Amino acid sequence: MATDAAIIGDRSALVLFSGGQDSATCLAWALDRFQHVETLGFDYGQRHRVELERRAVLRDGMGLVQPAWATRLGEDHTIALDALGQISETALTRDAEIGFEESGLPNTFVPGRNLVFLTFAAALAYRRGIRHVVGGMCETDYSGYPDCRDDTIKALQVALNLGMERRFVLHTPLMWLDKAQTWGLAEDLGGRPLVELIVEDSHTCYLGERGARHAWGYGCGTCPACRLRADGFARFTASAA
């Protein structure tokens, strides 16, 4: 990572960019609004770490969708968080069948993941002189993850601002959108080229499967992430017909 001083301050943003559909849409959203946008990915031993390999392809593709975005796209950062994977006995960090815990939460829930991600993102933003942090958390189409809820993100923003004595703004543009609306937002931002880029090059499947190509992209087609993405894409295309 570079260690330069502050870049553009209030006109810059840092996007939590995993390589999935939601974070790709959030990256386009940020590029449409800010003059300088950097990206941040996390390697925490996730079972579907193939998503990390899609990040560079998606970043390059954004500049082809909108030439102006290429000039706004800044550095990419990756942080290794092996410890998070080591302490997480979940279906996202272990070879385990996806199901539900006794608590009612899916066993794909990685405790503390978004709290850790946003804390590290804020620490990086602090050093880079960036005020705005963008994440793809969503309370509409989600698996019940408590760290995706709007109240959680708002509370964390307060804690980060107090703890770092900064005025960070945590943006969650997908918070109240379902997957069909997320596909619609992508089309509004970058037209069919952006939709096609996300279909072809983003990765969502929890199992890391990229063998089968469906209308909505690559994936096993049966895990919760694939089902959400497929259902949303079907509703999106039906509404556009």
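None of the figures in this text is laboratory data; all of them are computed from the coordinates on show. These numbers come from a predicted model, not from an experiment. Backbone-built Cβ (ideal geometry, glycine too); neighbour counts: all protein chains shown.
Numbers at a glance
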| item | result |
| --- | --- |
| Amide H contacts of GLY129 (H built 1.01 Å from N, under 5 Å, at least 5 apart or other chain) | none |
| Residues ILE198, ILE153, sorted so that the one with the fewest Cβ neighbours within 10 Å comes first | ILE153, ILE198 |
| Pair TRP176, ARG235: separation of 7 Å Cα→Cβ label points (nm) | 1.6 |
| Amide N of segment 195-209 lying under 14 Å from the label point, which is placed 7 angstrom from the Cα of THR222 along Cα→Cβ | 206-209 |
| Restricting segment 159-241 to chymotrypsin sites (Phe, Trp or Tyr not before Pro) in coil, as DSSP defines it, with at most 11 other Cβ within 10 Å | TRP176 |
| Spin-label model distance (nm) - ASP151 vs GLU200, 7 Å beyond Cα toward Cβ | 4.4 |
| Modelled label reach - ALA80, point 7 Å along Cα→Cβ, segment 27-64 residues with backbone N closer than 20 Å | 40-56 |
